[in-house]
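Down below is the structure, laid out as C-alpha cells.
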Amino acid sequence: MKKVYPDAASALKGLLRDNMTIASGGFGLCGIPEHAIQALVESGVKGLTIIGNNAGVDDFGMGLLLKSRQVKKVIASYVGENKEFERQVLAGELDLQLTPQGTLAEKLRAGGAGIPGFYTRTAAGTKLAEGKETKVFNGKEYVLEEGLRSDLSIVKAWKGDKSGNLVYRKTSRNFNPMIATCGSVTVAEVEELVEVGELDPDQVHTPGIYVDRIVRGKKFEKRIEFRTLAGAAGKKDSPIRELMAKRAARELRDGFYVNLGIGIPTLVANYIPEGVSVTLQSENGLLGIGPFPEESRVDPDLINAGKQTVTTIPGSSFFSSADSFAMIRGGHVDLSILGGLEVAQNGDLANWMVPGKMVKGPGGAMDLVSGVKRVVVLMEHTSKDGSSKILKQCTLPITGKGVVNLVITDLCVFEVEPGKGLVLKELHPGVTLEVVKAKTAAEFRVALQ
C-alpha cells in the first residue's frame, strides 16, 4: 500500500470536489499544512466548509482560501487577527459557526473516535448553546455537542515514515492529532520523511492507520505571527497596566497551575511574587511556559496561546489541544487570568464579541471560565466612549454565567461574594470612591468595605 506522494498537489489529486468539508491542523500559523493549503488555492475548488481553530491571517494559511473566495462556511473558535475573515462575516458573505476552542478540539477527537456526541459545561447559558440540548448533572447544566468529521483532513507533522506514522514538534502539535483522525481521507505533510522502522514507536503521536497519503514538503516558511523577544514585551506598557498586572500576581499561590490570557494578563508572569512557584499552562498544548526568547532562541514551533514566541522551563511538557482542554475542563488548572469587555454584578463575563462590530470568537475563554477553580478578570473600567464595563447585567453576549471571582480594573478591585455580588474591595493609589461611582453604571451600587 503506497502512501507516499511527490508533492501536495498530487497527494490531493482525485480527492477534491466543490462543496466538500476540509479540516486543517494548526494553531494560528504554527503547525499548518502550508503546501496542502497552497495546493487547495491553486486547485480552484470552491464552496468549501473549512474546520480549524482559526483561519490563518489575511495572506497566509487558510486565510488564502478566504481571500480567493473559495470558502462558504467556517467552523472555528477564533477569528483573531484575520481582517478579511472578520469583514466577510460582518458583511454576511460567510457563514461562521463559532465553537469554543476546547469543545472544537473534543468534537474533532470524538468524530475520529466514532463518538456521536458528548456533554460539556462549556458555553452553558450562552448564545453558543442556543438551540442545543442540555442536561443537568450534579446540579450543573451541560450542553450536548456532536462529534465532527470531515471529507478531507490535512495536517502537518515534523517527522513521518512511509507507513504514515507521525511525530509533531513542540506546540505545532496543537489540533493536528485530532484532525488527523476525523477525516474520511487524511493527507499529511512532513518536514522529514524516513523509512519504516526509523521512528521510535514510543515517540509516535499519530499512528499510520489514520494517514492515507503523506508528502515531504520541500520548504516550509513557518511564519511567526508575533515574534516577541526578551526585554521587548513591556516597552509599551503603561504604569496602570503594570499596576493591574502586579495586583493580579498577588492572587498566585505556590504550586498553582495558571492560565494567562492575551493582553494585560500576559504581563502577570513578570510579577510573580518571590518564593512563589507557579506553572503556566497554554491552551495550544504547553505546560511550563518560560520567558520570551532571545533572538537566537526564537522557534516557530514554540508559541503561546497568544501566538507569541516563548521558551520552556525544566519540567515542561507538550500535548495536543484536546489534552490541554481536558486539563482545563477537568478542574486541574487552579487559576485563569483573562481580559473582559463587561462584567455583571453576579459575576457574568462577556469578552468575545460585539454584535455587528467585532467578532473575535470565544477561543478558549468559555472553556476556561467553566473549568478552572478561580477566575480573575483584568480590564479597563470604562469603554472608549466612557460607558461603564461594570454593569448590573451584561449587554453583550456572555462568555459564562456567574463565573468571575475577582475583577481588577484600572481604578479598583471588586470581588464577587455569594449573596452580595460584586463588592468593592480596594481602590488603586490616587483613586477616590467618588471617581469609581461616577464611572460605574448608575444602576449598580458600589459599596466600599
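The values are calculated or read from the model by the stated rules, or taken from the named source; none is laboratory data. All figures in this text were calculated on a predicted structure; none of them were measured in a lab. Glycine gets a Cβ as well: all are built from the backbone with ideal geometry, and neighbour counts include every protein chain shown. Just the protein is used for accessible areas: all its heavy atoms, side chains included, with ligands, DNA and RNA removed. Shrake-Rupley method; radii C 1.70, N 1.55, O 1.52, S 1.80 Å.
Might you tell me the accessible area per residue for region 293-449, computed with a 1.4 Å probe and given in Å²?
Normalised by residue count, the accessible surface of region 293-449 is 41 Å².
Can you give me the relative contact order of region 137-287 as a percent, contacts being Cα pairs under 8 Å and 6 or more apart?
Relative contact order of region 137-287: 20 percent.
Per the Kirkwood definition applied to all pairs of different Cα atoms, how many angstroms is the hydrodynamic radius of region 119-180?
The Cα-based Kirkwood calculation yields 14.6 Å.
For K420 and D59, FRET efficiency with R0 = 45 Å and r from the beta-carbon atoms, rounded to 0.05?
0.35
Rounded to the nearest 500 deg cm²/dmol, what is the calculated helix-only ellipticity per residue at 222 nm for the chain, with -39500 (n - 2.57) per DSSP H run of length n ≥ 4?
-5000 deg cm²/dmol
Measuring from a point 7 Å past the Cα of K46 along Cα-to-C-beta, which residues in region 13-37 have an amide N at less than 19 Å?
Residues 16-22 fall inside that zone.
For Cα pairs less than 8 Å apart in space and 6+ apart in sequence, what is the mean separation divided by the residue count of the chain, i.e. the relative contact order in percent?
Reported as a whole number, the value is 14 percent.
Kindly list the residues of region 20-39 that lie in the label zone of Q97, defined by a backbone N under 14 Å from the point 7 Å along the Cα-to-C-beta vector.
From region 20-39, the list is 20-24.
What are the ³J(HN,Hα) couplings of region 75-90, residue after residue, when phi is run through the Karplus curve with 6.51, -1.76, 1.60 and θ = phi - 60°? Round to Hz, x for glycine and proline.
Here the 3J(HN,Hα) series is 10, 8, 9, 8, 8, x, 8, 7, 5, 5, 4, 5, 4, 5, 5, 5 Hz.
Within the accessible area of region 61-130, what % is carbon and sulfur when the probe is 1.4 Å and the other protein chains stay in place?
48
Straight-line reach only, C-alpha to C-alpha below 18 angstrom: list the lysines that K425 could link to, leaving out same-chain residues fewer than 8 apart.
Once the sequence-local lysines are set aside, what remains near K425 is K246, K389, K392, K437, K439.
Can you give the % of DSSP beta bridges in region 226-326 that are antiparallel, to the nearest 5?
60
Would you mind telling me the antiparallel percentage of the DSSP bridges in region 157-233, rounded to 5?
Looking only at bridges with both residues in region 157-233, the antiparallel portion is about 25 percent.
When DSSP assigns beta bridges and you keep just the ones with both residues in the chain, what percent turn out antiparallel, to the nearest 5?
Here the antiparallel bridges make up roughly 40 percent for the chain.
Report, as a whole number in µm² per second, the diffusion coefficient that Stokes-Einstein gives for region 9-49 at 37 °C and 0.692 mPa s using the Kirkwood radius over alpha carbon pairs.
301
How large, in percent, is the carbon and sulfur part of the accessible surface of region 282-406 at a probe radius of 1.4 Å?
Looking at region 282-406 in its full context, I get 50 percent from C and S.
Which residues' amide hydrogens lie under 5 Å from the amide hydrogen of I262, considering only partners 5 or more residues apart or on another chain, with H built in the peptide plane?
When sequence neighbours closer than 5 places are left aside, the close amide H contacts are G339.
Take the Cβ-Cβ distance between V185 and A438 as r, set R0 to 51 Å, and report the resulting FRET efficiency rounded to the nearest 0.05.
0.25
Using a simple charge model, +1 on the beta-carbon of Lys and Arg, -1 on the beta-carbon of Asp and Glu, nothing else, what dipole does the chain show about its Cα centre, in debye to the nearest 20?
Roughly 560 debye for the chain.
Using the charge dipole of the chain (Lys, Arg: +1 at Cβ; Asp, Glu: -1 at Cβ; taken about the Cα centre), state which of A249, V436, T120 has its Cα farthest towards the positive end.
Checking the options against the dipole of the chain, the answer is V436.
Which one, V204, Q281, V74, is farthest towards the positive end of the dipole of the chain when Lys and Arg carry +1 and Asp and Glu -1 on their Cβ?
V74
Residues of region 100-194: accessible area per residue at 1.4 Å, in Å²?
Here the per-residue accessible area is 36 Å².
Could you grab the relative contact order for region 1-48? Cα pairs under 8 Å, six or more apart, rounded to a whole percent.
47
Using each residue's phi in region 52-64, evaluate 6.51 cos²θ - 1.76 cosθ + 1.60 at θ = phi - 60° and report the 3J(HN,Hα) Karplus result to the nearest Hz, with x for Gly and Pro.
x, 4, 8, 10, x, 10, 4, 10, 7, x, 5, x, 5
Just add up the charged neighbours of K140: K/R +1, D/E -1, any other residue whose Cβ is under 13 Å from the Cβ of K140.
+3
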